[in-house]
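To start, the structure under review is shown below, and the notes come after it.
The values are calculated or read from the model by the stated rules, or taken from the named source; none is laboratory data. Note that this is a predicted model, so its numbers are computed, not measured. Here the Cβ positions follow ideal geometry from the backbone for every residue, glycine too, while neighbour counts run over all protein chains shown.
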Amino acid sequence: MPTHPLWRPFELVDLDTVPAVIVGQLPPKAVEVVPYDTEWPTRFVALDQRVRAALGDRVLALEHVGSTSVRGLAAKPVIDADLTVADSGHEAAYVPDLEVAGFILRVREPDWEEHRMFTVPDRSLHLHVFSPGAREPQRHVLFRDWLRTNPDDRAAYATLKSVLATRGFTDQMDYNNHKAALVYDIYERIFRADPAHPHDPQPRG
């Protein structure tokens with residue numbers, strides 16, 4: 001049974017493991033979903049300029065991802081971006097300069113593609129850092145581009161997020177777990193539509 005190179009099994013995050021990857025402490029913050037804001041692309045441009053000013057040619061790629069990158073999609077008012085550096089596990093090569101630029105290292109996941117995540121004091125952005133070849137940033141771009149061109153999935157995703165936002169989540173990962181089934185199903189449609197990579201249906205377990 002062939003699977004797409006970027007496929008991963010359906011699974012929920014074990015919330016008990018999350019504290020082990022968190023750096024420092026931030027007070028709980030309720031998950032808020034708002035209508036699409038035409039200023040979100042401009043906010044990403046500002047983020048892009050800030051990161052490139054801090055790191056220069058160490059920025060190998062920087063992509064606007066997540067719901068704020070999809071025009072017309074309701075989202076948390078938090079800009080998500082994926083930054084690629086030569087080695088995301090080599091923190092000394094980029095973390096100090098990002099911290100000088102005002103970014104706060106919030107997540108360290110050496111066992112998951114050496115992922116790091118930064119935020120800022122008002123938590124208005126998430127800067128995810130990966131190394132070249134990491135699969136998660138590739139999935140993010142596929143998901144973004146699919147939602148930009150598939151209005152039915154875009155509408156279904158917006159509806160689910162808006163409903164979940166009324167439930168008072170303060171744990172981002174718990175909120176993500178409640179989106180996981182739909183996100184997985186959308187990825188299955190993305191993979192099946194990819195002419196370059198045969199992909200048999202992989203139902204949720």
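Listing for the model above:
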{"item": "Residue count, the stretch 11-48 (criterion: out of contact with any strand residue (DSSP E or B) (no Cβ under 6 Å at 6 or more places or on another chain) and closer than 19 Å to residue 148 by Cα)", "result": "11"}
{"item": "Failed criterion for residue 5 (all others in (1) within 26 Å of residue 95 (Cα to Cα); (2) of a type outside the set (Phe, Trp, Tyr); (3) more than 18 Å from the chain's Cα centre (by Cα) hold)", "result": "(1)"}
{"item": "Out of 154, 189, sole residue that is crowded, with 17+ Cβ neighbours inside 10 Å and of a type outside the set (Asp, Glu)", "result": "154"}
{"item": "Given (1) over 22 Å from residue 7 (Cβ atoms); (2) buried (at least 22 other Cβ atoms within 10 Å of the Cβ), number of the condition residue 54 does not satisfy", "result": "(2)"}
{"item": "Test for residue 145: is it surrounded by fewer than 16 Cβ atoms within 10 Å (Cβ to Cβ), among the acidic types (Asp, Glu) and more than 15 Å from the chain's Cα centre (by Cα)", "result": "no"}
{"item": "Qualifying residues in the stretch 89-111 (those that are out of contact with any helix residue (DSSP H, G or I) (no Cβ under 6 Å at 6 or more places or on another chain) and β-branched (Val, Ile, Thr)) - the one surrounded by the most Cβ atoms within 10 Å (Cβ to Cβ)", "result": "95"}
{"item": "Output for the stretch 157-186, where each listed residue is loosely packed, with under 13 Cβ neighbours inside 10 Å and closer than 13 Å to residue 33 by Cβ", "result": "159, 163, 166, 167, 168"}
{"item": "Checking residue 135 against (1) touching a Leu at 6+ places or on another chain (Cβ under 6 Å); (2) surrounded by fewer than 14 Cβ atoms within 10 Å (Cβ to Cβ); (3) more than 26 Å from residue 16 (Cβ to Cβ), the condition it does not meet", "result": "(3)"}
{"item": "Set 6, 26, 12, 73: member being part of a loop (DSSP other than H, G, I, E, B) and modelled with pLDDT under 95", "result": "26"}
{"item": "Residue match in the stretch 46-54 (condition: farther than 19 Å from residue 172 by Cβ and in contact with a helix residue (DSSP H, G or I) (Cβ under 6 Å, 6 or more places away or on another chain))", "result": "yes"}
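Residues checked against (1) among the aromatic types (Phe, Trp, Tyr); (2) part of a helix (DSSP H, G or I); (3) in contact (Cβ under 8 Å) with a residue 60 or more places away in the chain:
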{"residue": "136", "(1), (2), (3)": "no, yes, no"}
{"residue": "140", "(1), (2), (3)": "no, yes, yes"}
{"residue": "145", "(1), (2), (3)": "no, yes, no"}
{"residue": "152", "(1), (2), (3)": "no, yes, no"}
{"residue": "156", "(1), (2), (3)": "no, yes, no"}
{"residue": "159", "(1), (2), (3)": "no, yes, no"}
{"residue": "168", "(1), (2), (3)": "no, no, yes"}
{"residue": "174", "(1), (2), (3)": "no, yes, yes"}
{"residue": "195", "(1), (2), (3)": "no, no, no"}
